[in-house]
Every structure is written in C-alpha cells, then in structure tokens.
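Below: the structure, in structure tokens.
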Amino acid sequence: MKKFISSIIATLFVVTVYSTDGIQPSVGSPYSVIPVPEKIEITKGTYSLPVNGATFYIKGVKDNRLSNYLKASALAQSVADKAQKADILIEISSKKTDKENCEAYKLNITPKRISIKANDEAGAFYAIQTILQMSEGGTKRELQCCSVNDAPRFSYRGLLFDVSRHFRSKEFIMKQIDAMALMKLNKLHLHMTNGAGWRIEIEKYPRLTEFAAWRPYRSWMDWASDTRYCESNYPTAYGGYYTKADIREILKYAEARHITVIPDIEMPGHSEEVLAAYPELSCSGEPYRNSDYCIGKEETFTFLENVLTEVIELFPSEYIHIGGDEAVKQGWKDCPHCKKRMQEEGLKDVDELQSYLIQRIEKFVNSKGRKIIGWDEILEGGLAPNATVMSWRGTEGGIKAMKAGHDVIMTPGETCYLDFTQDAAFKEPVSIGGYTPLKNVYMYEPLEAGISNEEAKHLLGLQGNLWSEYVTEDSHAEYMYYPRAFAIAETGWSKPENKDYDKFKERALMLCSLLQSQGYTTFDLANEFGERKESLTPIEHLGKGCKVNYNEPYHAKYTANGDATLTDGLLGGWTYLDKRWQGTMKDVDVTIDLGSVQPVKYVGASFMHSAGAWVHVPKKMDVYLSEDGVNYTLVGTVWGDIPNEIPKILFKQYSVVCNGKARFIRVHATRNDRAGAWLFTDEIVIN
Ligand code: ACM
Ligand code: ZN
C-alpha cells in the first residue's frame, strides 16, 4: 500500500514538473506563441528537430505553395520520400468548411515527430507559424511535446500600411508580410492614395505617377509649410509608386503567406494629389484649391471607375477600400455642378451628396464582383447597401452599422492607431501625438456590451493602423508596429478568456527578440517608461473641488470631465485624448470660486505642447485675484517659451507666486498665434 501511494506521488510529481515547464513562455513551449493558441495540452518529453534540417511530407494539398514556403524556411527544407518517414507530417483534409475553419489546425508534437492536421492549407500554414515561433524561427531545435488545438476568433485580422505619406519599397512590404504571417495576421490594408502622394501605376492616367507621386520635401513638417507636388525628375523629388509588376510581386508573396492585400483608393476627400494632376476633377477646376473630388461632374466617375477597373484587375481581394473619411465638403456647397447634382438627385445636403458618390461607386465595384469597405463617415447621408464599415472615430459608427446589418471592422483611434506614441514622448521619436502603449492596444475588446449574437456576426475583426505622416524611416515604421501589432494579432485570433496581459508581455518580449534577430527594429519593451507619473496620483490643493466659471467655453470635442476638469485634482497623462486634458481653440479664460476669501500664494496650470497635432502652450497666462468677484487685480503674467517648431511633445508649468487674498481667481491663458492652434490644460492648482 505504502509503495502504491509513493508511486502515485512520484507520478504526480513527474506530471507536475512537465506541466509547469511547458506552461512557462520559454523557447520551445507553445505557451511562448503569439497569438496564444486556443487549447494547449502539455505532454511528456521533447522533440528535437534534426540538426541537418527536418523533412516534411504534405498530404492533400492542391499546389506547391506550402511546400515552397517550407523549403525556403529554416524549419524543414526537404521532402521525405514517405509520409511515415517525415519529421513533420502535414495532412490537409480539404473538407468543405466555413471560413474560420479554414484557418484552424491541430498540432501534435511527440518525442518522435510533429504532425499537423488542418482542413485547409491556411490552417496548416498557421501550424507552421506556431512551430516557427516555438523554435525561434527554426533556430532552436528542442520543442516541448504538446498537443495544440487552435482556431481564430475573427476572420479579419489586419494592419494598415500608409504608403502615401511616405512611400515604402516592395521589399519593405514583403518583409512586414513575413512578420504578419508569423503572428497569423491575414489582411494587409494598403493605403495607396492620399494627399501626400499617389502610389500605384494606372495606365490610363500617367500624371498620377509622373507628378502626383512626388513632392519636393521629404520631411512632413517641411512639406506642410509648402504643400505642392513636383515632376519625378525634380532635383529633390521625394516619393515613388508601385508599378503593376511590383504589385503582382507583393500579391504573390502575400498569397503564399495567406495574407490578402486590400487596395485602398481614397475618395472623395484626401485627394489633393489627384486634383493637382487632374484639376478638372475638382469643383474649382484649379490645382491646390480643393481636396475633394467634384461629385457633380461626370468626369469624376469616369476617372474613379477607370482607376478602380485597373485596380480590380490587379488585386484579387474580395474587398476594395474606397476611403470615405474626412471629406471637407465645403467646395461642394458653392459648386454649380454639385448643386445641380443635388437638385437632380433630390439630395438634401452635402452628406447625401457624398453618399451618392459612395453608393454609385459601390454599384460599380459590386458589378465587378467585389465589395467596398469605407471609413465610418460613409454612414453619413445614408450607408451604401452592401458596404462594410471600418470604424475609426471610436466604435459608435461600427456599432450603428452592425445594428443595421452591415459588416464591420473595428479600428478605433484610441486603441488601434499605431501612429500614436507608445511610451513617454520625451524618450520616443517624434510622433503625431497621442499615447497608445502596448497594454492599451491589448486591452481593447472589439465586442462591446449591448451587441446581440446576431449583430455580433457582422463583426469581422479588427485592424491596427500606422498612419505615417511623422514616420519617415522604414525602421521607425517597424518600431511603431512591433510589438503593438502582436496585440492586434492576439485580440483578433485568441479567445478573450485566454488573454492575459502580464503573460502576453512576457511572450511579446520573446517575439520582439525573435524579430530583432531577423533584422526588424522593435520598440524596447523591456525599458518601457510608462504613463506620465504625475497623472498616477491625485493631488490636493486649495482649489480642489471648487466651482469653475468659464468665460470662454471649452471645445465640445475635448470636454474631459466637463466643468469639473480643472479642479478635480487629476493631472493629465501623455495624451490629450485621455479625458484629463481639456481642449479649446480659444483662450482658456476661467474664474475659480473658492467659496470664501482666503490667502492665495500660488496659482499654476500645466499646458501641453505637441506641434504635430497643432497643440501649443499659451502665448502667456495672466492671473487675477478678486475678493468680491467684481474688482480684479492682475498679480502675475507668465510667458510661453516653447517655439512652435519644436516637434517634441512637452509639458510646461505656468506658475504665478503671489501674496494675496481672494475668493475669485481668474486665469486667462492666451492661445498661441498659430492658425488652428489648440490649447490643452488639465488642472489649475491653487495654494
Ligand atoms: C482616418 O484616420 N482618417 C481614417
Ligand atoms: Zn463640384
């Protein structure tokens, strides 16, 4: 009996040892993989990939895609003569399945071999990616024995590449396709047209690539102060475009890695570059006057349909992204062509005019057997009947579209915009502003409360967007994507109940090292600084909780905590989007009522500077004291000293030391002179 018990204890001990070994995110363990697989069972032993290269055998494939991919990988270069002899045996059942099942796989690693079962090549490909991560790209040979049963949560797991603001080579795109494949991302949204440059050869319209693809300045700030295009042979011409052959090469590379490249042809806004090359398509008929196409002119539709015809011939993607965001719409109001169109079509406003264009373009795209995706602005004026909505201004648009029975891809700015800085701005490269650390991206849950199961079927997935105004270098782009793209990948693939940020971070550190070893630049996650320390602990001061009267109202878009913001004891974080910073495009002019006359020795406020986002500290700040709320005395003025050109995000404390008595304190911060400047403050501290 004693012997029996001790043998049970010994068995338990052995099992326990194997389990805890395997579940650590360590090299060779399936627990090191991003996205975390759905079900992992750790089994006894390890499998060693043969040092001279593993052999593989594939049963049931239709073509050589997977075989060629494996042969070029560091994992297994040669085909075994028989299934029984293969180190990696892959069986593809080719059962008729729904889309998600196509990407599912079963992976079994025993001390003798690796076997993979999938319903489709995509699933087998993802099993290979799991092994590639476990083995650090095929360089580490010892793998933990395990059985993995894995399938994605969402069918759309995407990244946006903005090659308009800065053109990127096809080699760069293909390198990122490899990284995307490794983390099971499957949609590459290629944003090829925008005011900063047209990036795809269109045979019918050569000026798009002779002229609209080039600008005289590389730096975004330089170009912003002299926005024009130039001929491709201009001495400082900066830009570029993909030829059709380049695109075919990218598409072939992506297809082999089960990634769909979704082309994006922006309309009707963000089209300055086209309207400089073909001004007859704008309302004014002149270059550099409009950014929106004229919707009244038939030439616009001829142009867009001709362009889309060439794009559709090239790209096999089911979806064509047609933009739809941020049209200015102003030029349409005074344009005789647009006015005529509105009258003839019974369109009551410019939103409906935009919707007319989107719906007409949708009909055209549908007639070619494809579907459109548009940003959430396409909801305005009436959604095109078959459109898929990409929700970026928060999630409201996406939810509305889902409830109306439309497919949706979530990419809310606050958590999915990878152009926002990922750590304290003082240590980061210049960015457009914002603060979206890895954890915020990771914690985003696309399926919000209040969505029914039926509506949730329309949620295709999510996407991370790297807009690139301030991302000039390729290495900077990689730095912005990785590791945040890992978080997009895990949210897109893994079940919410399997997600855990602390464990994910450990895995992300490992995947960063793997990418670095393969020549990628990544953010230094191990040395993350984190949120602005001042914002972490509430502060006490004389004015805390006191009523603030606004002599100038704050902006409706950046209300923060409303009238309570400036005396709630909460300082802002790194971004003005964190609902701690209150914004205005006027002066900050407020009066704080302490409730009774009291000694006042100090009045201070901090302001943010983020030139890329037009956020500037005030030109000056005046502080007045009053005992009766009628007669005010100026007790001090502080002057701004951050030049507008400084591209870094900075925080400036304006403080006035006084020796007075007051019940009412008026703080008047005068907005910077730059046209369109914003003024953000978080708290007025009184002592
Ligand atoms: C967008 O960021 N304008 C889609
Ligand atoms: Zn017009």
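The values are calculated or read from the model by the stated rules, or taken from the named source; none is laboratory data. Since the model is a prediction, treat every value here as computed from it, not as a measurement. Cβ sites come from the backbone with ideal geometry, for glycine too, and all protein chains shown count toward neighbours. All accessible areas refer to the heavy atoms of the entire protein, side chains included, with ligands and DNA or RNA removed. Shrake-Rupley method; radii C 1.70, N 1.55, O 1.52, S 1.80 Å.
For the residue pair LYS140 and GLU352, what label-to-label distance in nm results when each label sits 7 Å from Cα along the Cα-to-beta-carbon direction?
6.3
In the chain, if the dipole is taken from +1 on Lys/Arg beta carbons and -1 on Asp/Glu beta carbons about the Cα centre, which of GLY636, GLN343, SER135 is farthest to the positive end?
It is SER135, whose Cα lies furthest towards the positive end.
Estimate the FRET efficiency between LYS533 and ALA456 by the formula 1/(1 + (r/R0)^6), using the beta-carbon distance for r and 41 Å for R0, to the nearest 0.05.
With a Förster radius of 41 Å, E is 0.55.
Listed here are the pairs LYS333/LYS586; LYS619/LYS652; LYS117/LYS499; LYS204/LYS363; LYS348/LYS371; LYS557/LYS579; which of them are more than 18 Å apart at the Cα?
The answer is LYS333/LYS586; LYS117/LYS499; LYS204/LYS363; LYS348/LYS371.
Just to confirm, what accessible area per residue do you get for the chain at 1.4 Å probe, in whole Å²?
The answer is 40 Å² per residue.
Could you state how much accessible area GLU377 has, in square angstrom rounded to the nearest 10, with a 1.4 Å probe and all protein chains kept in place?
Ignoring ligands and nucleic acids, GLU377 comes out at about 10 Å².
Roll a 1.4 Å probe over the protein heavy atoms and report the accessible area of LYS499 in Å², nearest 10.
My reading of the accessible area for LYS499 is about 50 Å².
How large is the dipole of the stretch 149-297 about the Cα centre if only Lys and Arg carry +1 and Asp and Glu carry -1, each at its Cβ, rounded to the nearest 20 debye?
Computed charge dipole of the stretch 149-297: roughly 500 debye.
Roughly speaking, what is the stretch gain from ARG674 to SER93, that is 0.36 nm per residue apart minus the C-alpha to C-alpha distance, in nm to one decimal?
Answer, rounded to one decimal: 202.8 nm.
Residue by residue through the stretch 512-527, which ³J(HN,Hα) values in whole Hz follow from phi under the Karplus form 6.51 cos²θ - 1.76 cosθ + 1.60 (θ = phi - 60°), with glycine and proline marked x?
4, 4, 4, 4, 4, 5, 9, x, 8, 8, 10, 4, 7, 5, 5, 10
Could you give the length gained on full extension between TRP614 and MET174, defined as 0.36 nm per residue of separation minus the Cα-Cα distance, in nm?
Gain on stretching TRP614 to MET174: 155.0 nm.
Return the unpartnered cysteines for the chain, using a Cβ-Cβ cut-off of under 4.7 Å.
Result for the chain is CYS102, CYS145, CYS146, CYS230, CYS416, CYS512, CYS546, CYS658, no neighbouring Cys Cβ within the cutoff.
Give a residue-ordered list of calculated ³J(HN,Hα) values for the stretch 126-138 (Karplus: 6.51 cos²θ - 1.76 cosθ + 1.60, θ = phi - 60°; whole Hz; x for Gly, Pro).
Rounded to whole hertz, the list is 6, 4, 4, 5, 4, 5, 4, 5, 4, 9, 6, x, x.
Cα extents of the chain along the three principal axes, largest first, in whole Å?
Its Cα atoms span 94, 78, 52 Å along the three principal axes.
What part of the accessible area of the stretch 199-293, given as a whole %, is carbon or sulfur when the probe is 1.4 angstrom?
The nonpolar share, carbon plus sulfur, comes to 48 percent.
On alpha-carbon atoms, Rg over Rh for the stretch 432-553 using Kirkwood Rh?
Rounded to two decimals, Rg over Rh is 1.09.
For the stretch 72-82, just list the computed ³J(HN,Hα) in residue order, Karplus coefficients 6.51, -1.76 and 1.60, θ = phi - 60°, integers in Hz, with x standing in for Gly and Pro.
Values per residue, Gly and Pro as x: 8, 8, 8, 8, 8, 9, 10, 8, 6, 6, 9 Hz.
Can you compute the FRET efficiency between ARG207 and VAL597 using 1/(1 + (r/R0)^6), with r the Cβ-Cβ distance and R0 = 56 Å? Round to the nearest 0.05.
0.20
According to a simple spin-label model (label point 7 Å from Cα along Cα-to-Cβ), what is the distance in nm between LYS661 and LYS503?
6.5
When all protein chains stay in place, what accessible area (Å², nearest 10, 1.4 Å probe) is found for GLU396?
120
R0 = 51 Å: FRET efficiency of ASN561 with GLU298, Cβ-based, nearest 0.05?
0.50
Report the extension gain between GLU249 and GLU445 in nm, rounded to one decimal, defined as 0.36 nm multiplied by the number of residues separating them, less their alpha carbon distance.
Net length gain for the segment: 67.1 nm.
Just how large is the dipole of the stretch 426-471 about the Cα centre, in debye to the nearest 20, putting +1 at every Lys and Arg Cβ and -1 at every Asp and Glu Cβ?
220
Could you work out how far apart the two model spin labels at LYS112 and GLU396 are, taking each label as a point 7 Å from the Cα in the direction of the beta carbon, and quote it in nm?
Simple spin-label model gives 6.2 nm for this pair.
Projected onto the charge dipole of the stretch 481-585 (+1 at Lys/Arg Cβ, -1 at Asp/Glu Cβ, origin at the Cα centre), which of LEU571, PRO538, TYR558 gives the Cα projection farthest towards the positive end?
TYR558
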